[in-house]
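Each value in this text was obtained by applying a stated rule to the coordinates, not by laboratory testing. Not measured: the values here are computed from a predicted model. Glycine also receives a Cβ, built like all others from the backbone with ideal geometry; neighbour counts cover every protein chain displayed.
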Amino acid sequence: MSALLLGGISPISEEDFLYAGKFQGEAARILGAVGISAAGKSAETVLSEFQRGGFLLTHLLECPLETSQLGALPLEALLGKRVSTVATRIRRSLKPKRVVFISELLAPLAAKLSSAELGCTVIKDEGKPFNLDSGDDAAAIQRLRQALSLTAAGM
């Protein structure tokens, strides 16, 4: 795998989850950023293109999280508890050439999730994660697309 896209929390809605094959919300933004169109294609074809492109998506918290589930633990602390486990998984099992932070939720954890900790290059948007958390930042999607093409050319 060439690039692991690392998000903060898996989407609640199945339509937003890339591997569910509905390609809305987060899934649509990710596909757009990596230059894959889902129009007129089966879910299997789209996911195959994603994989052949050298991409894998995972989240620090792989299970969706309802706001009511936060309880007494702030979100940053909840995500922080997963950093070590996810970093180990990335280093030992996934072994990507690069990790791309695609969620602003990772900003407070960026120092812990460094290149040294992950064992590969970390790609960020001017020092912070790319904002693919919402559909409001088309510029972030464009910058991510550009960063992916630049790093792929340099490999």
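Quick one: which residues, 5+ away or cross-chain, put their amide H under 5 Å from the amide H of VAL99? H built at 1.01 Å from N. When sequence neighbours closer than 5 places are left aside, the close amide H contacts are LEU4, THR121, VAL122, ILE123. As a ratio to 2.2 N^0.38 Å, the alpha-carbon radius of gyration for the chain is 0.99.
Amide H contacts for LEU57 (H built 1.01 Å from N in the peptide plane; partners 5 or more residues away or on another chain; cut-off under 5 Å): LEU5. Near SER37: Cβ cut-off under 14 Å, other residues only, Lys/Arg at +1 and Asp/Glu at -1. The net charge is +2. Projecting the Cα atoms of LEU109, ALA138, ALA20 onto the charge dipole of the chain (Cβ charges, centred on the Cα centre) puts LEU109 farthest toward the positive pole.
Could you give the size of the charge dipole of the chain about its Cα centre, using +1 on the Cβ of each K and R and -1 on the Cβ of each D and E, expressed in debye and rounded to the nearest 20? Working shown, then result.
Numbers: 17 positive and 16 negative charges, 165 e Å.
So the magnitude is around 800 debye.
Here the chain carries DSSP beta bridges of which approximately 5% are antiparallel, counting only pairs with both residues inside. Here the chain is scanned for GluC sites (Glu not before Pro) in DSSP loops (not H, G, I, E, B) that have at most 16 other Cβ atoms within 10 Å, and the longest stretch holding none of them is 1-61.
Per residue of the chain, the DSSP helices (runs of n ≥ 4 H) give a summed -39500 (n - 2.57) that works out to -9500 deg cm²/dmol at 222 nm.
Take the Cβ atoms of LYS41 and THR85, set R0 to 35 Å, and the FRET efficiency comes out at 0.55.
Suppose the chain between GLN146 and SER93 were pulled fully straight at 0.36 nm per residue; how much longer would it get relative to their current alpha carbon spacing?
Working: separation 53, 0.36 × 53 = 19.08 nm, distance 2.73 nm.
Value of the extension gain: 16.4 nm.
Placing R0 at 22 angstrom, the Cβ-Cβ distance between SER115 and GLU62 gives a FRET efficiency of 0.45 after rounding to 0.05.
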